[in-house]
Amino acid sequence: MVFCDEKIEKTAFTEYYVELFKRLFELQPETFFTTDMGTKIKLSKNEEKSVLRRPVPISDTYFVEASYSAKDLFDRIKHALTIFDLEDELLIKYAK
């Protein structure tokens, strides 16, 4: 995956998902609260299993749900890139 001209090497699609949201949160955290983005990815300060099935941190304080199908992860990534106006900044190359 290449995001904003930086190559990111991960082994699982969920890891790319988490890394992308970490970077977006660092870039512009207020967007997660002023749009539907936070709700869409289940942004939470609470990492308890009763709130999120598979919580993963995107900052020191916030967690997101990572228990989605590959299609759902991809849909959330596309939605976020549209909100952040970064649709052209992500390149994903699938292995054969």
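The values are calculated or read from the model by the stated rules, or taken from the named source; none is laboratory data. Note that the coordinates shown come from a computational prediction; the quantities given were computed from them, not determined experimentally. No Cβ is skipped: glycine too gets one built from the backbone with ideal geometry, and neighbour counts run over all protein chains shown. For the accessible areas, the whole protein counts, side chains as well, though only heavy atoms, and no ligand, DNA or RNA atoms are used. Shrake-Rupley method; radii C 1.70, N 1.55, O 1.52, S 1.80 Å.
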Filtering the range 54-80 down to residues that are out of contact with any Asp or Glu (no Cβ under 7 Å at 6 or more places or on another chain), within 13 Å of S44 (Cβ to Cβ) and not hydroxyl-bearing (S, T, Y) yields V56, P57, I58, V64, E65, A66
With Y94, Y16 as the choices, which residue is open to solvent by 40 Å² or more (accessible area, probe 1.4 Å), modelled with pLDDT under 90 and under 14 Å from the mean Cα position of the chain (by Cα)? Y16
